[in-house]
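Everything below concerns the one structure shown next.
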Amino acid sequence: MTLPPFELHRPESLEEATELATRYGEDAAFYCGGTELLLLLKLGFASFGHLIDLKRIEELGGIRRENDALVIGAAVTHRTLERSDAIRTTLPALAEMERRVANLRVREVGTLGGNLCFSDPHSDPATFLLALDAEVVCRRGGGEARRLRVSDFVVGPYQTALGEGELLTEIRVPALPPGAAVAHSKFSFHERPTATVACFVRVVDGVVAEARVAVGSVGARPVRSGGAEAALAGTPVSELDGTLGTAGERAAEDAEPVDDAAGSADYKAQLVNVLVGRTLREAIA
Ligand SMILES: Cc1cc2nc3c(=O)[nH]c(=O)nc-3n(C[C@H](O)[C@H](O)[C@H](O)COP(=O)(O)OP(=O)(O)OC[C@H]3O[C@@H](n4cnc5c(N)ncnc54)[C@H](O)[C@@H]3O)c2cc1C
């Protein structure tokens, strides 16, 4: 596998990146770690005369705390997230989820922004961020920033809400409110996850006041399960075991699993059912 020839551009600002994207139009593509894009080029699934490397744009880097949110630059790598002190102290479940993405070589260069923008249906971060009701910020150089919920950003397989020449600049992850916890589980046969489940649970006075159940990697895109969330809300924690089966079944329905190389839709529904119970138990523990 060899890379076809292309001209490499290394902008240092969003404005410069957008200007290059506008100048070369459909013959140009952005990339960050290149773990997805360069593979597509090598396999001959895509071809561009111009690649725009985003790694030098300062605005896309860094991790900071802002009010009640962790703000992560789109170009931050999985490996940096896994090892960040800010993440480990504020939201250890995020560091733990990142530690289990891909392999060390991919995590070392692959970025959170690249993962979300590629929108492969088999994604750990997309499922995790959905359960946390995280937001992303998108901007065309010089233009107004747009803030979108992850649920509105990830539109479908390999499809996002990004407009032409628009960049994902940062991911905003809300801090956990008092009494809340989040957990993420995955099951994999191949390199990418076959099923991913993330659960956010907020308990007040021994009762589930709020639950968010996100399921990914089994259908066209990660989704929240309204059915599972409704089944869990208002349940005393001491009676939760009796509700886990219903929550798992409803999540499996809402996820709309599809048949593919990783297994049949029925099999994936079973996986989701089991993972939802396991992940909820972990979040409540
Ligand atoms: C072997 C292997 C195993 C993997 N296993 C897992 C796994 O277990 N779990 C999981 O979740 N993922 C997995 N992945 C996916 C991996 O997480 C992604 O490849 C990586 O995060 C993509 O980031 P990148 O910076 O390399 O993206 P790139 O390849 O640089 O870009 C991907 C796409 O996003 C666009 N893009 C990138 N950044 C931006 C931006 N800021 N604004 C606008 N567009 C942008 C590019 O134009 C391109 O279309 C695996 C990948 C590989 C190769």
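Can Val137 be described as over 27 Å from Ala233 (Cβ atoms), outside any helix (DSSP H, G or I) and modelled with pLDDT of 95 or more? So Val137 passes the test. A single member of Pro125, Pro121 is of a type outside the set (Ser, Thr, Tyr), within 14 Å of the chain's Cα centre (by Cα), within 8 Å of the ligand (Cβ to nearest atom) and crowded, with 18+ Cβ neighbours inside 10 Å, and it is Pro125. Reported count of residues in region 4-19, each being under 13 Å from Phe48 (Cα atoms) and open to solvent by less than 90 Å² (accessible area, probe 1.4 Å), is 4. Entry remark, region 26-39: residues being free of Cβ contacts under 8 Å to residues at least 60 places away in the same chain and either surrounded by fewer than 14 Cβ atoms within 10 Å (Cβ to Cβ) or touching a Gly at 6+ places or on another chain (Cβ under 7 Å) (or both) number 3 in total. In region 128-160, the qualifying residues are those that are farther than 21 Å from Val218 by Cα and within 11 Å of the ligand (Cβ to nearest atom), and the one that is most open to solvent (accessible area, probe 1.4 Å) is Arg140.
When Thr90, Thr111, Thr80 are screened for being β-branched (Val, Ile, Thr), touching a residue at least 24 places away in the same chain (Cβ under 8 Å) and more than 6 Å from the ligand (Cβ to nearest atom), only Thr90 passes. In region 48-109, counting only helices (runs of 4 or more DSSP H) that sit wholly within it, the ones holding 1 or more residues that are at pLDDT below 95 and among the polar types (S, T, N, Q) span 85-90. Out of curiosity, is Leu70 open to solvent by less than 20 Å² (accessible area, probe 1.4 Å) and either within 14 Å of the ligand (Cβ to nearest atom) or touching a residue at least 24 places away in the same chain (Cβ under 8 Å) (or both)? Answer is yes for this residue.
The values are calculated or read from the model by the stated rules, or taken from the named source; none is laboratory data. Quantities reported herein were computed from a predicted structural model and do not represent experimental measurements. In this analysis, Cβ positions are derived from the backbone assuming ideal geometry, glycine residues included, and neighbour counts consider all displayed protein chains. Note: areas computed on protein heavy atoms with side chains; ligands, DNA, RNA excluded. Shrake-Rupley method; radii C 1.70, N 1.55, O 1.52, S 1.80 Å.
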